[in-house]
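Novice: Dropping a structure here in structure tokens format, bear with me for questions.
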Amino acid sequence: RERAMVERRGRLLGPAYRLFYERPVHFVRGEGAWLFDAEGNRYLDCYNNVASLGHAHPRVVEAIARQAALLNTHTRYLHDTVLDLAEALLATMPASLGHVMFTCTGSEANDLALRIARAHTGGEGIVVTSLAYHGVTASLAELSPSLGEGVPLGRHVATVAPPDAYRGGPDMPARFAADIAAAFAGLRRHGIRPCALLVDTMFTSDGVFPDPAGLLAVAAAAAREAGALFIADEVQPGFGRTGTMWGFARHGVEPDIVTMGKPMGNGHPVAGLAIRPELLERFGRTVRYFNTFGGNPVSAAAGLAVLEVLRDEGLPANAAAVGAHLMEGLRALASRHAIIGDVRGAGLSIGCELVGDRGTREPATAETARIVNALRERRVLISASGPGANILKIRPPLCLTRDQADIFLGALDEVLTG
Ligand code: PMP
């Protein structure tokens, strides 16, 4: 049956999409951290970074259904849920961020952030990390080096190595800041004025690099020194995943713009940005911005319900506690499985780097692919990232329990044992 679906999908949707796993899965239902396939088999979702509250969370479902039954429309009329959501979001941010703008996807949020940053700085130059992913539009694809050589970077884009504390050594904040300064200086030499440093605050697609805390404050200072803005892409780390509401908070830095998406509607498309009001002045004067669906009543209701559930269920604190338990378990596995070279993370954003040799730290690329697929056969879902595709990326819903974390650890232990 799956084979027939794969064939039909290729015939109808064409060749550009990729599916996960050697044996793709067909899910029909989700609940909490579990996904159920068409035969009713249960899978533990340690991959998902969208339904962060748990799949089909009843309070979000109810909020969406209630608003959809009343009214959904474009965003040119007054409606108050979007204002309630803006107010609730700003209450989670540093006081310097005073406005919120809504979009439908993280890509649109980053695209808008860059338009505003260009209008404010008058510059074009963007610095990103060497395996960054920031979105799907033409303007973001050309600054998303993780898309590979088939998608060339723009002339106005320079890359810096991510702050890899495992391979990079202890002088990391200073070196990262020096790289950023050099990247902006290099752009200037080509006549390109600085616009923004844009980073995922957990460096998720680069391979998950949480440390050292405080690093992003040093990085932001280097960007500002060059005349650029600091844009924190919180599309992956935001909404409690790192154990705090926002990934940048661990670094004691106030970004100029924060972009957000993915878990913001627990699966319903809603995204946006928070920004220092003064940065919007020129853009607001010169551009008439309209986004048909961005912040529509149903999306706003979903977003508001997400914030309420995060607070009422204490999910950031749960992410911190269960994440610490998971990392402790992974480190215990590392004492028995030499392939585990490094375990790192914050809350439930965890990277587990697999190496062929702990001395040379050579990426265990093929073995990592085997492990991801073998876990799928044991009905545990994760993925891999990093330049050697050898870093297990572990991002379960924030409602994960210790018992579920132990199921994951047990399955990984079995798979590593072979
Ligand atoms: N930024 C980051 C860090 C992301 O991981 C993603 C999505 N994977 C995006 C932006 C783009 O978000 P979307 O797919 O909702 O457009």
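Novice: Within 10 Å, at most 13 other Cβ atoms, and a DSSP state outside H, G, I, E, B define an exposed site. Report the longest part of the chain free of exposed trypsin sites (Lys or Arg not before Pro).
Specialist: Looking at the chain, 156-287 is the longest stretch - no exposed trypsin sites (Lys or Arg not before Pro) with at most 13 other Cβ atoms within 10 Å.
Novice: Once you keep just the Cα pairs under 8 angstrom separated by 6 or more residues, what percentage relative contact order results for the chain?
Specialist: 21 percent
Novice: Sticking with this structure for a sec: Go through segment 242-258 residue by residue and turn each phi into a ³J(HN,Hα) via Karplus (6.51, -1.76, 1.60, θ = phi - 60°); whole Hz please, and just put x for glycine and proline.
Specialist: 7, x, 10, 4, 10, x, 5, 4, 5, 9, x, 10, 10, x, 7, 9, 10
Novice: Report, in deg cm²/dmol and to the nearest 500, the calculated mean residue ellipticity at 222 nm for the chain, where each DSSP H run with n ≥ 4 adds -39500 (n - 2.57) and the sum is divided by the residue count.
Specialist: -12000 deg cm²/dmol
Novice: For the chain, modelled as a Gaussian network with Cα springs under 10 Å, which listed residue fluctuates most, GLY207, GLY148, GLY388?
Specialist: GLY148
Novice: Do you know the relative contact order of segment 134-231, to the nearest whole percent, from alpha carbon pairs under 8 angstrom that are 6+ apart?
Specialist: Answer for segment 134-231 is 26 percent.
Novice: Assuming R0 = 35 Å, what is the FRET efficiency of ALA217 and ARG23, from their Cβ-Cβ distance, to the nearest 0.05?
Specialist: Taking R0 as 35 Å, the efficiency between ALA217 and ARG23 is 0.20.
Novice: List the chymotrypsin sites (Phe, Trp or Tyr not before Pro) within segment 265-297 that DSSP assigns to loop and that have no more than 15 neighbouring Cβ atoms inside 10 Å.
Specialist: Of the chymotrypsin sites (Phe, Trp or Tyr not before Pro), the ones in loops of segment 265-297 whose Cβ has at most 15 other Cβ atoms within 10 Å are TYR289, PHE290.
Novice: Going by how many other beta carbons lie within 10 Å of each one, how would you line up SER335, SER52, SER107, fewest first?
Specialist: Fewest-to-most ranking of SER335, SER52, SER107: SER335, SER107, SER52.
Novice: If you add up the charges near VAL415, with Lys and Arg at +1 and Asp and Glu at -1, over every other residue whose beta carbon is less than 9 angstrom from its beta carbon, what do you get?
Specialist: With Lys, Arg at +1 and Asp, Glu at -1, the neighbours total -1.
Novice: Moving to a separate point now. Roughly speaking, what is the stretch gain from ASP80 to ARG311, that is 0.36 nm per residue apart minus the C-alpha to C-alpha distance, in nm to one decimal?
Specialist: 81.1 nm
Novice: OK, next. State the antiparallel share, in %, of DSSP beta bridges confined to segment 58-312, rounding to the nearest 5.
Specialist: Roughly 35 percent of the beta bridges in segment 58-312 run antiparallel, per DSSP.
Novice: Between GLU367 and ALA182, with labels modelled 7 Å along Cα→Cβ, what's the label distance in nm to one decimal, could you check?
Specialist: Placing both labels 7 Å beyond Cα along the Cβ direction yields 3.2 nm.
Novice: Roughly how many debye, to the nearest 20, is the charge dipole of the chain about its Cα centre, given +1 on each Lys and Arg Cβ, -1 on each Asp and Glu Cβ, and no other charges?
Specialist: 800 debye
Novice: I need the shape label for segment 58-312. Rule: rounded when a/c is under 1.5, else prolate if a/b > b/c, else oblate, with a, b, c from the alpha carbon gyration tensor.
Specialist: prolate
Novice: Fewest first, what order do THR129, THR360 take by the number of other Cβ atoms within 10 Å?
Specialist: Arranged by neighbour count, lowest to highest, THR129, THR360 become THR360, THR129.
Novice: Sticking with this structure for a sec: Going by C-beta contacts inside 10 Å, put THR292, THR103 in order with the fewest on the left.
Specialist: Neighbour counts put them in this order, fewest first: THR292, THR103.
Novice: Sequence-distant or interchain residues sharing an amide H contact under 5 Å with SER205, placed H: which?
Specialist: TYR133
Novice: Here's a follow-up. What's the longest uninterrupted piece of the chain once you rule out the GluC sites (Glu not before Pro) that are loop residues per DSSP with at most 15 other Cβ within 10 Å?
Specialist: My reading of the result: 150-418 is the longest stretch.
Laboratory data are not the source of any read-out in this text; all were calculated from the coordinates shown. Quantities reported herein were computed from a predicted structural model and do not represent experimental measurements. Here the Cβ is made from the backbone with ideal geometry for all residues, glycine too, and neighbour counts use every protein chain on show.
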